[in-house]
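Peer 1: Just passing along the structure, written as structure tokens.
The values are calculated or read from the model by the stated rules, or taken from the named source; none is laboratory data. On a predicted model such as this, the values are computed, not experimentally measured, just so you know. Ideal geometry is used to build each Cβ from the backbone, glycine not excepted, and the neighbour counts take in all protein chains shown.
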């Protein structure tokens, strides 16, 4: 008798699971971006929420660049999980499709959006877009991300524009500049890097030491 009840319970659980999967898939197909992004980034602390999260993420990825655009329109919000979702989409999608979307946001009114868009561009080798990123070296809020991306792309044209940041009052900017110049790999900047071996901050001295070892 107990075995029979156990089998019936298992059968019922399978039916419920199948229903949830079917319902979730149909819901995702008709769901708005607001609903999908909410489910995709929230914490799944129940089986139903975890299933909704899985289905929402699959649907967003399936919708491609249009979905990435919708997520990027929300990366300025104080919600770190939206940024994580956007980064995962950029990393896993075709860069030929994601780059045009990200470029739409490099001149966004919101500083965080500009910074994130430029940073994400550097996740793939798309240096053909360097001309769109170079102007952001003059953007106080996005200059650090711009240096990183231009460094990853090894854009030599950026070298004379990055060198002045070695004298920045901000420690993080000096570090970003050193790392970018190291990534670009132009040994002509060695004389400009050497004074930073005496920088007041250990972090600056250390990245400079590594950069000089790589360039010499």
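Peer 1: Evaluate region 201-211: report whether one residue or more is exposed (fewer than 13 other Cβ atoms within 10 Å of the Cβ) and outside any helix (DSSP H, G or I).
Peer 2: So far as region 201-211 goes, no, none of its residues is exposed (fewer than 13 other Cβ atoms within 10 Å of the Cβ) and outside any helix (DSSP H, G or I).
Peer 1: Regarding region 170-180, can at least one residue be identified that is modelled with pLDDT of 95 or more, surrounded by fewer than 16 Cβ atoms within 10 Å (Cβ to Cβ), assigned to a helix (DSSP H, G or I) and more than 24 Å from the chain's Cα centre (by Cα)?
Peer 2: The answer is no, given that none of the residues of region 170-180 is modelled with pLDDT of 95 or more, surrounded by fewer than 16 Cβ atoms within 10 Å (Cβ to Cβ), assigned to a helix (DSSP H, G or I) and more than 24 Å from the chain's Cα centre (by Cα).
Peer 1: Moving on. Would you kindly identify the helices (runs of 4 or more DSSP H) lying entirely within region 34-121 that contain at least 1 residues that are in contact with a helix residue (DSSP H, G or I) (Cβ under 7 Å, 6 or more places away or on another chain) and in contact (Cβ under 8 Å) with a residue 40 or more places away in the chain?
Peer 2: Hits in region 34-121: 65-72, 80-92, 111-121.
Peer 1: With (1) within 22 Å of the chain's Cα centre (by Cα); (2) farther than 30 Å from residue 73 by Cα as the list, and residue 188 as the residue in question, which single condition is left unmet?
Peer 2: (1)
Peer 1: Return the total of residues in region 138-157 being part of a helix (DSSP H, G or I) and within 22 Å of the chain's Cα centre (by Cα).
Peer 2: 11
Peer 1: I would also like to ask the following. Would you confirm whether any residue within region 16-25 is surrounded by 11 or more Cβ atoms within 10 Å (Cβ to Cβ), at pLDDT 60 or above and more than 18 Å from the chain's Cα centre (by Cα)?
Peer 2: No, region 16-25 contains no residue that is surrounded by 11 or more Cβ atoms within 10 Å (Cβ to Cβ), at pLDDT 60 or above and more than 18 Å from the chain's Cα centre (by Cα).
Peer 1: If you don't mind, there's one more thing I want to ask. Would it be correct to say that residue 123 is surrounded by 15 or more Cβ atoms within 10 Å (Cβ to Cβ), under 12 Å from the mean Cα position of the chain (by Cα), within 23 Å of residue 54 (Cα to Cα) and at pLDDT 95 or above?
Peer 2: When the stated conditions are applied, residue 123 does not pass them.
Yes or no, residue by residue, for (1) surrounded by fewer than 17 Cβ atoms within 10 Å (Cβ to Cβ); (2) in contact with a strand residue (DSSP E or B) (Cβ under 7 Å, 6 or more places away or on another chain); (3) under 19 Å from residue 174 (Cα atoms):
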site: 78; (1), (2), (3): yes, no, no
site: 82; (1), (2), (3): no, no, no
site: 86; (1), (2), (3): no, no, no
site: 92; (1), (2), (3): yes, no, no
site: 152; (1), (2), (3): no, no, yes
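Peer 1: Then there is this: With respect to residue 108, is the statement that it is buried (at least 18 other Cβ atoms within 10 Å of the Cβ) and farther than 21 Å from residue 143 by Cα true?
Peer 2: no
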